[in-house]
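I have placed the structure first, in the form of structure tokens, so that the comments after it can refer back to it.
Read-outs: derived from the displayed coordinates by stated rules, not from any lab. Just so we're clear, the structure is a prediction, and the values are computed from it rather than from any experiment. Every residue, glycine as well, gets a Cβ built from its backbone with ideal geometry; the counts of neighbours run over all protein chains shown.
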Amino acid sequence: MTRRSFLFVLGSSRPDGNTEALAREAAEQLPSDVEQRWISLARHPLPDFVDLRHDGDRVRPTEGSAALLLDATLAATDIVIASPLYWYSVSTQTKRYLDHWAGWLRTPGLDFKAAMAGRTLWGVTALADDHAEVADPLVGTLHHSAAYLGMRFGGVLLGNGSKPGDVLSDTRALAHAKTFFAREALPARFPHETAA
Ligand SMILES: Cc1cc2nc3c(=O)[nH]c(=O)nc-3n(C[C@H](O)[C@H](O)[C@H](O)COP(=O)(O)O)c2cc1C
């Protein structure tokens with residue numbers, strides 16, 4: 001069996017925020033033989049995405065944050081998008097990372113879609129609102145992105161908080177974090193694929 005390797009993509013625009021704190025609580029439960037890599041998109045900013053998908057001369061990035069993130073993404077069996085809830089969806093930094101996936105999908109020689117198929121996408125988010133359902137757009141974005149790439153989806157771990165550290169008082173979220181990565185991730189399917 002392939003050794004599991006988790007990539008945590010930190011999407012907050014500030015260091016040491018609630019999303020990262022919650023992700024670290026969940027990661028603590030991972031077995032010691034599971035590799036963990038943590039990359040902050042704020043510390044490794046991606047350039048704005050430019051849509052060159054239909055220009056024939058796209059090449060694989062070989063330096064900078066794009067190369068770092070592409071290589072780390074391809075090396076992981078499990079990708080954890082740890083993004084705060086910004087305007088009901090993912091942060092700009094996280095969205096830019098996902099936009100780069102669209103470029104990697106069309107980069108000759110990469111076969112990004114085939115490489116990602118069967119891997120698992122997870123989400124972790126912190127939000128100030130007490131109503132978890134306001135995060136549905138973020139959950140849908142991650143679920144549908146996983147479905148598009150033929151990935152498994154492990155769901156989204158939600159925690160409540162506004163200022164850094166608040167989430168550590170969300171006892172429900174902390175309890176959920178203890179078992180979050182132990183759950184079985186199912187193949188992600190679009191609603192129209194699962195409709196009877
Ligand atoms: C630009 C921005 C947009 C936000 N949008 C929402 C939102 O739509 N719903 C919500 O509940 N909280 C929202 N918040 C609050 C953050 O989700 C909350 O402070 C969270 O703890 C930030 O995560 P972090 O500590 O990991 O950075 C927003 C905060 C910012 C800065």
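General remarks:
- The amide H of residue 128, built 1.01 Å from its N in the peptide plane, has 161 as neighbours under 5 Å, considering only residues 5 or more places off or on other chains.
- Highest mean first, the peptides 78-91, 149-162 sorted by other C-beta atoms within 10 Å per residue fall in the order 78-91, 149-162.
- Spin-label pair residue 13-residue 67: with each label point 7 Å from Cα along the Cα-Cβ axis, the two points sit 2.9 nm from one another.
- For the residues 45, 137, 31, a GNM of the chain with alpha-carbon springs under 10 Å puts the largest fluctuation on 31.
- Rounded to whole Hz, the Karplus (6.51, -1.76, 1.60) HN-Hα couplings of region 177-192, x for glycine and proline: 4, 4, 10, 4, 6, 7, 6, 7, 8, 9, x, 7, 10, 5, x, 5
- Counted residue by residue at 0.36 nm each, then reduced by the alpha carbon distance between them, the extension gain from residue 54 to residue 190 reaches 46.4 nm.
- Shape call, region 1-133: gyration tensor on alpha carbons, a/c limit 1.5: oblate
- Anisotropy class of region 73-168 from Cα gyration tensor, a/c 1.5 cut: prolate
- Degrees separating the helix 64-75 axis from the principal Cα axis of the chain, which is the longest one: 80
- Each peptide in 56-62, 18-24, 125-131 was scored by the mean count of other Cβ atoms within 10 Å over its residues; highest first, the order is 18-24, 125-131, 56-62.
- Scalar couplings 3J(HN,Hα) for region 10-26, obtained by applying the Karplus form with A = 6.51, B = -1.76, C = 1.60 to θ = phi - 60°, are 8, x, 6, 8, 9, x, 6, x, 5, 5, 5, 4, 5, 4, 5, 4, 5 Hz; x denotes Gly and Pro.
- Across region 96-107, coupling constants 3J(HN,Hα) worked out from phi with the 6.51/-1.76/1.60 Karplus curve, θ = phi - 60°, read 5, 4, 5, 4, 5, 4, 4, x, 5, 4, 9, 7 Hz, and Gly and Pro carry x.
- Among the GluC sites (Glu not before Pro) in region 105-196, those located in a DSSP loop and surrounded by at most 12 other Cβ atoms within 10 Å of their own Cβ are 184.
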